[in-house]
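The values are calculated or read from the model by the stated rules, or taken from the named source; none is laboratory data. Remember, predicted model here, so these are calculated numbers, not experimental data. Cβ atoms come from the backbone with ideal geometry, glycine included; neighbour counts cover every protein chain shown.
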Amino acid sequence: MIESLLTQGVAALKLLGLNYAFVLNLSERTAFVRGLGVTLQLCLLTIPFSLAAGVAIAAALTSGRTWLVPPVRAFVEVTRNTPTLVQLYCAFLVLNMIISQQLQSHGGNPMTPFVWVVIVVSLHKGVFHAEALRAGIEAVPRVTLEAARSLGFSRRQLLWRVELPLALRFALPSLVNNLVDLVKMTAVASAIAVGEVTYESIMIWTQRDNVLELLLLILLYFGLLTWLVSLAGHLLEQRLRMPGYGQ
Amino acid sequence: MVSELTLAPPAPTWKLAGSAASAWRKPWFLAASAVLAVLLYWMLTNSTPAVLVYLWTWSPALLRGLSANIGISILTMALGTAAGLLVGALSFSPLRLLRVATRCYVQVFRNAPVLVLIYFTTYLFPFEVRLLSWTVPFPDWIKVVLGLALPASANVAEIFRGAIQSIPSAQWEAAHSLAFRRSEIFLLIVLPQCVRRMLPPWMNLYAGITMSTALASLVGVHDLVDAAQIASNTVARTDFTILVYFTLLGLFFAYCYPIACATRALERHHDRH
């Protein structure tokens, strides 16, 4: 049933000059679908981790502790001003190598390329989330905080009931922007042979000469993922909307 | 207010004297002299660590790689800016079809992963072009420039559109009432203000594009990342691998961080005026 539908689809696209014959080959089809799945896994894992990293970095930067702020600040600047690919190499080729050498006698290295991509992309985007959250916290009007204090809110209540809810709403548009960037960034994982959609496609197009067809599929897939992320962000913005704050 | 004014004058002199005295205690100055002293000691006693000797012998290759990255980024930005301004101007066209087309262009190329676009141009364009009777080679690095220029132009178009729209429409109306022509309003009134507003995001974009040039190594262009990989594989020593990859990070940082600082300074300057 599915097989015949695919055959018809491939034949129809052939008329347009697009050669999608690879979907009729079972092993290539499963490889491609596995690639789609791995990209989705990468996104679903890095989105929560990057948000957690962002909150942690923003908290560290605003903590005012002299032993904590300068190192975190340096980390933020280095992360913002160096390519993700180079960070990935520094993590995977250097740190991973050191860990492997240290753990040689203890049964080998448990870190896989996939884990490294999750760590590096999460930390990279976490830095940008932290910047958005900091801007959101600064955008909370002083008057609102003073009003809450005069109503007898404690420091903790002020933070959790007034400051953070408002800051989150102010930061939400840039957070969603960062998450769209994050989805696009997962394509870099192909550089260290993580079998995500770009990597599996390269494997397929080196066998067959169908680069254009596969690139169109990849672009469509990333377009779908980024559209879903911005749609989710938009719905969340509408759900959290408070009268009097923002449009 | 009054007390501030009376207290203000002595402050600069105190600050000057302080800075002159503490010039020797500046952290940068101290770090630089410490590094120089260590280098001098190594040179005199002939005991420089082998890793650093390797790094020194490989440094010309690394710097050549960096110059390839910088060249690609500058060409990309020139091409992307020209195309982006054109697309941005077309997005204000009275023709609905043109507006929709530019909207699609901007959406597609801003939402596509840069790496995928680089693969796109690298594998789809031929490796040589036939012009009449000559065959002109079409090297990979030019294809990378084209691949990076696509998202760059989409971003420039968006920056341009945002800048034009940020100029209050009252200025157009006021200039109209002063009998300026449409082209004059644009060239003499709107554009000069736009350039100021576009500069910080444009510089941000340039830093971003420079960082994206690292992806060129994945399609076989001999850039800085490629040079570092070759060096690390040739020397094949653990300590050198660590050093060369962190040098890579440091070189990109040294190029992009000043741009980021300048952008921030410009933004602060604009906020104040």
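Quickly run through segment A:133-149 and pick out the residues that are within 21 Å of A:ALA58 (Cα to Cα), touching a residue at least 12 places away in the same chain (Cβ under 8 Å) and part of a helix (DSSP H, G or I).
The first filter runs over segment A:133-149 and keeps only residues within 21 Å of A:ALA58 (Cα to Cα), leaving A:133-142, A:145.
Those left that are additionally touching a residue at least 12 places away in the same chain (Cβ under 8 Å): A:133-137, A:139-140, A:145.
A:LEU133, A:ARG134, A:ALA135, A:GLY136, A:ILE137, A:ALA139, A:LEU145 - these are the residues of segment A:133-149 that are within 21 Å of A:ALA58 (Cα to Cα), touching a residue at least 12 places away in the same chain (Cβ under 8 Å) and part of a helix (DSSP H, G or I).
For segment A:209-227, the candidate set comprises residues that are under 16 Å from the mean Cα position of the chain (by Cα) and over 25 Å from B:ALA214 (Cβ atoms); within that set, the residue that is surrounded by the fewest Cβ atoms within 10 Å (Cβ to Cβ) is A:LEU224.
Residue-by-condition table, conditions (1) farther than 28 Å from A:LEU212 by Cα; (2) among the β-branched types (Val, Ile, Thr); (3) under 23 Å from the mean Cα position of the chain (by Cα); (4) in a helix (DSSP H, G or I):
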| site | (1), (2), (3), (4) |
| --- | --- |
| B:CYS104 | no, no, no, yes |
| B:PHE109 | no, no, yes, yes |
| B:ILE118 | no, yes, yes, yes |
| B:ARG130 | no, no, no, no |
| B:THR135 | no, yes, no, no |
| B:VAL144 | no, yes, yes, yes |
| B:GLU158 | no, no, yes, yes |
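Is at least one residue of segment A:122-140 of a type outside the set (A, V, I, L, M), over 25 Å from the mean Cα position of the chain (by Cα), surrounded by fewer than 16 Cβ atoms within 10 Å (Cβ to Cβ) and more than 12 Å from chain B (Cβ to nearest Cβ)? Scanning segment A:122-140 turns up no residue that is of a type outside the set (A, V, I, L, M), over 25 Å from the mean Cα position of the chain (by Cα), surrounded by fewer than 16 Cβ atoms within 10 Å (Cβ to Cβ) and more than 12 Å from chain B (Cβ to nearest Cβ). What pairs can you find where one residue is in segment B:201-225 and on the phi > 0 side of the Ramachandran plot, the other is assigned to a helix (DSSP H, G or I), and their Cβ atoms are less than 6 Å apart, with a gap of 6+ or different chains? Going by the 6 Å Cβ cut-off, the qualifying pairs are B:GLY220/B:ASP140. Could you please let me know if A:LEU172 is modelled with pLDDT of 90 or more, over 22 Å from A:VAL121 (Cα atoms) and among the aliphatic types (A, V, I, L, M)? When the stated conditions are applied, A:LEU172 does not pass them. Considering (1) surrounded by fewer than 16 Cβ atoms within 10 Å (Cβ to Cβ); (2) within 14 Å of another protein chain (Cβ to nearest Cβ); (3) of a type in the set (A, V, I, L, M, F, W, C), the lone condition that A:ALA56 does not fulfil carries the number (2). Within segment A:190-208, the set of residues being in contact (Cβ under 8 Å) with a residue 24 or more places away in the chain and surrounded by fewer than 18 Cβ atoms within 10 Å (Cβ to Cβ) comprises A:ALA193, A:MET203, A:GLN207, A:ARG208.
Residues in segment A:35-86 that are under 28 Å from B:VAL244 (Cβ atoms) and hydroxyl-bearing (Ser, Thr, Tyr): A:THR46, A:THR79, A:THR82, A:THR84.
Residue-by-condition table, conditions (1) more than 9 Å from chain A (Cβ to nearest Cβ); (2) touching a Ser or Thr at 6+ places or on another chain (Cβ under 6 Å):
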| position | (1), (2) |
| --- | --- |
| B:VAL225 | no, yes |
| B:GLN229 | no, no |
| B:THR234 | yes, no |
| B:ARG237 | yes, no |
| B:GLY250 | no, no |
| B:PHE253 | no, yes |
| B:ALA262 | yes, no |
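Scanning segment B:92-102 for residues that are outside any loop (DSSP other than H, G, I, E, B) and exposed (fewer than 12 other Cβ atoms within 10 Å of the Cβ) turns up B:ARG96, B:LEU97, B:VAL100.
In the set A:SER150, A:SER230, which member is closer than 23 Å to B:SER212 by Cβ and at pLDDT 90 or above?
On the way: A:SER150 fails: closer than 23 Å to B:SER212 by Cβ.
Only one candidate passes the filter, namely A:SER230.
Where residues in segment A:70-111 are small (Gly, Ala, Ser) and within 11 Å of another protein chain (Cβ to nearest Cβ), which of them is surrounded by the fewest Cβ atoms within 10 Å (Cβ to Cβ)? Looking at residues that are small (Gly, Ala, Ser) and within 11 Å of another protein chain (Cβ to nearest Cβ), I get A:ALA74.
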